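The values are calculated or read from the model by the stated rules, or taken from the named source; none is laboratory data. Here the structure is a predicted model, which is why all the values come from computation and not from measurement. When we count neighbours, we look across all protein chains shown, and the Cβ atoms used for this are built from the backbone with ideal geometry, even at glycine.
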Amino acid sequence: MHLETNNQLALPVGVTLDRYIMQKQSAFPFATGELSQLLRDIALAGKIINREINRAGLIDISGVYGANNVQGEAQQKLDVIANIRFIRALKNGGQACAIISEEEEDIIYTGNDNAKYVVAMDPLDGSSNIDVNVSIGTIFSIYRRVTPIGTKAKIEDFLQGGDKQVAAGYIIYGSSTMLVYTTGHGVSGFTYEPSLGEFFLSHPGIESPTVGNMYSCNEGNLLHYPTPVKEYVEEARRKNYTARYIGSMVADLHRNMIKGGIYLYPPLPKAPDGKLRMLYECYPLAFIIEQAGGKASDGKRRIMDIPASFIHQRSPLYIGSSSMVDELLEKFDTSTAEVLDTAKDVSSLA
Ligand code: AHG
Ligand code: MN
Ligand code: MN
């Protein structure tokens, strides 16, 4: 009994993200440490953004934040601030030669042409929740450039396709702040300890349950959903599934990945290609969910197999526990078969 208490006291405080990244790197004899450094730079950006988010409500009260800021950033929305912070951290870190961001039309050059990597990011996901104290996130996706080192990065560095990601992750600013990432060897989650300023390994080897009972979609759009999705949601209701929709995909995905569930964002008349962006929303989250044993599809194709053609490309997205995604895909298959059958019937009448 005594021994147990003593042992617990003797336990190390935990594995920090930095230490974890270094340990993983040492498993690869030829690793140069650049990707490790890039991941640490992203974690640093996450800490900075976390600080800004936590101060958000204080801007009008105390004026502390932004008062001395020559760039007038206090007047800007948090997603713009997050964008600026992220870009600055990556420029200073030196490991990314170029960035694409939801907040910028074109490629952002960091000036580090000798760097090996490019980063696609959604600096703040869940914009509608920023001002109302609801969980929001940051998403990132990393590729090794295909253009020669020492030259300016090009668009093809970003359009390699989901399977070419070397790492992807998200930071969720919720009841606690977490960083979750994969380099293609499973998914690890780290919780931020603000008083120490460190992320600690809290969720090693995250595995998504194959099935769950939560579905996440904007049901206000249900009438406009494609038939298979409408049927899936109606069935979920009949089965008494639990509806959970935060409106920040990172938060919805994080919960579903841990507890079991599916997130659905289908095409809509107002967004015929879907709303979510392939490079910095769909691909990275698809990489993560697959590494956790789940699935991600656009209804027909595995997300990671869909080619990327332009920076801000959109896609429908169905993502989560593998059996739930499979069940939805069966509905797509049947309804495609029905459409084909009907077409056959009609043509046989002609
Ligand atoms: P962002 O804030 O980066 O624009 O992304 C918001 C996305 C996603 O996170 C969320 O699930 C979805 O848009 C919400 O869209 P609706 O308001 O149409 O439901
Ligand atoms: Mn987003
Ligand atoms: Mn965003």
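GLY150 passes every criterion in (1) more than 16 Å from ligand 1 (Cβ to nearest atom); (2) touching a residue at least 40 places away in the same chain (Cβ under 8 Å); (3) assigned by TED's automatic domain parsing to the domain that holds SER101 apart from (2).
When each of ILE288, ILE262 is tested for being out of contact with any Lys or Arg (no Cβ under 8 Å at 6 or more places or on another chain), under 21 Å from ASP122 (Cβ atoms), among the β-branched types (Val, Ile, Thr) and part of a strand (DSSP E or B), the lone residue that passes is ILE262. Listed by position, the strands (runs of 3 or more DSSP E) enclosed by region 155-203 include none that has at least 3 residues that are crowded, with 21+ Cβ neighbours inside 10 Å and at pLDDT below 95.
When each of ILE171, ILE155 is tested for being among the β-branched types (Val, Ile, Thr), within 16 Å of ligand 3 (Cβ to nearest atom) and closer than 22 Å to LEU276 by Cβ, the lone residue that passes is ILE171.
Of the conditions (1) assigned to a loop (DSSP other than H, G, I, E, B); (2) more than 16 Å from ligand 3 (Cβ to nearest atom), MET257 fails just one. Which one is it? For MET257, the failing item is (1). For region 274-287, the criterion of being within 16 Å of ligand 2 (Cβ to nearest atom), surrounded by 14 or more Cβ atoms within 10 Å (Cβ to Cβ) and more than 15 Å from the chain's Cα centre (by Cα) is met by at least one residue.
Checking the structure you have, find out if any residue of region 44-55 is away from ligand 3 (no atom under 16 Å from the Cβ), in a helix (DSSP H, G or I), modelled with pLDDT under 50 and in the same structural domain as SER141 (by TED's automatic domain parsing). Within region 44-55 (the criterion being away from ligand 3 (no atom under 16 Å from the Cβ), in a helix (DSSP H, G or I), modelled with pLDDT under 50 and in the same structural domain as SER141 (by TED's automatic domain parsing)), the answer is no, since none of the residues qualifies.
State all residues of region 122-149 that are more than 9 Å from ligand 3 (Cβ to nearest atom) and at pLDDT 95 or above; if no residue qualifies, say none. SER135, PHE140, SER141, ILE142, TYR143, ARG144, ARG145, VAL146, THR147, PRO148, ILE149, listed by residue number.
On inspection, ALA120 passes the criterion of being hydrophobic (A, V, I, L, M, F, W, C), within 13 Å of ligand 2 (Cβ to nearest atom) and closer than 18 Å to ILE42 by Cβ. With respect to the stated conditions, PHE332 is in the same structural domain as LYS259 (by TED's automatic domain parsing), among the aromatic types (Phe, Trp, Tyr), modelled with pLDDT of 95 or more and not in a loop (DSSP other than H, G, I, E, B).
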